[in-house]
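All remarks here apply to the structure that follows.
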Amino acid sequence: MKRKDTKKYPSAPSEEPEDLLTEEEYEGSAPSLDEFKSRRRGPDLRLPLGLLLTLLIMAGVGYFLWQYMQVEGHHQGGTLVLNEICTANHKTLVSEKLGTPDWVELYNGTQKPLDLKGYGLTDNPKQSYKFILPEVTIEPGGYLLVYFVGGSEEADSDPLCTGFGLSRYGEDLLLVDANYNLLDSVEVPSLEPDVSYARTSDGSWGYAVIPTPGQANNEENIIPAWQ
């Protein structure tokens, strides 16, 4: 005869526990496929296209402002600059060897001699070294004339002759160092015969009715370009 088991066991709860989710709640709590992929990838660190374009534009503007300030600083002195330009020379400078060449005057505003070997002068922004300066030194506060002329044996044999002329009707002129750094630039306007385009002490330009090649510009004879 089997003995009757009198041990009492806890009865199953009559109601579901409150912390269990219903089928509808469970389905609603499950992450979607896009959410699941996003969690696996981590946070999206991509920049919006508009913000990226804005940053690129700001970087470009900052670069050009830096370039402008570099050139503007050169205009105020303290380095090598374009100082005076004559593109229609008839009698401002007469040479037995070269005749009446167009000329450009450089000025050394630094406190030390400058060796210009490898520096470039050009009227073409796409060709920085159209004319390459020879091994020549400008003393502090000194001037150097470069002759924009060519086509003759005398001119071709002169290391300070460029081999090309400047248009009297106006063009750009640029000065770069031996490492492609822009030192100075100026937009030369149309000039009358024997009138030069000269830089003043404050960095502005004007028309010199009495040019002074190889010497300090006489500001009393310079008509501001904006007048």
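The values are calculated or read from the model by the stated rules, or taken from the named source; none is laboratory data. Note that the structure is predicted; figures quoted are calculated from it, not measured. Positions of Cβ are backbone-derived with ideal geometry, glycine not excepted, and every protein chain shown enters the neighbour counts.
Only one entry in Gly73, Gly118, Gly77, Gly60 is in contact with a strand residue (DSSP E or B) (Cβ under 9 Å, 6 or more places away or on another chain), at pLDDT below 95 and closer than 30 Å to Asp202 by Cα, namely Gly77. Assess whether Asp194 counts as being closer than 22 Å to His90 by Cα and either in contact with a Leu (Cβ under 7 Å, 6 or more places away or on another chain) or not in a strand (DSSP E or B) (or both). Yes: the conditions hold for Asp194.
Would you mention how many residues in segment 129-150 are over 19 Å from Thr87 (Cα atoms) and modelled with pLDDT under 95? Count: 0.
Within segment 173-188, is even one residue outside any helix (DSSP H, G or I), within 20 Å of Asp102 (Cβ to Cβ) and out of contact with any strand residue (DSSP E or B) (no Cβ under 6 Å at 6 or more places or on another chain)? Scanning segment 173-188 turns up no residue that is outside any helix (DSSP H, G or I), within 20 Å of Asp102 (Cβ to Cβ) and out of contact with any strand residue (DSSP E or B) (no Cβ under 6 Å at 6 or more places or on another chain).
If the condition is being in a loop (DSSP other than H, G, I, E, B) and touching a strand residue (DSSP E or B) at 6+ places or on another chain (Cβ under 7 Å), then segment 197-208 contributes Thr200, Ser204. Taking the conditions (1) closer than 28 Å to Ala225 by Cα; (2) within 25 Å of the chain's Cα centre (by Cα) in turn, Gly141 satisfies each one other than (2). Which residue is surrounded by the most Cβ atoms within 10 Å (Cβ to Cβ), if the candidates are limited to segment 213-227 and must be in contact with a Ser or Thr (Cβ under 8 Å, 6 or more places away or on another chain) and in contact (Cβ under 8 Å) with a residue 60 or more places away in the chain? Here the answer is Asn217. Residue count for segment 148-162 satisfying the condition of being more than 11 Å from Leu121 (Cβ to Cβ) and within 29 Å of the chain's Cα centre (by Cα): 1. Residues in segment 124-153 that are charged (D, E, K, R) and either in a strand (DSSP E or B) or in contact with a Ser or Thr (Cβ under 7 Å, 6 or more places away or on another chain) (or both): Lys130 only.
Against the test of being of a type in the set (D, E, K, R), exposed (fewer than 14 other Cβ atoms within 10 Å of the Cβ) and farther than 19 Å from Val81 by Cα, the options Glu187, Glu153 yield a single qualifying residue, Glu153.
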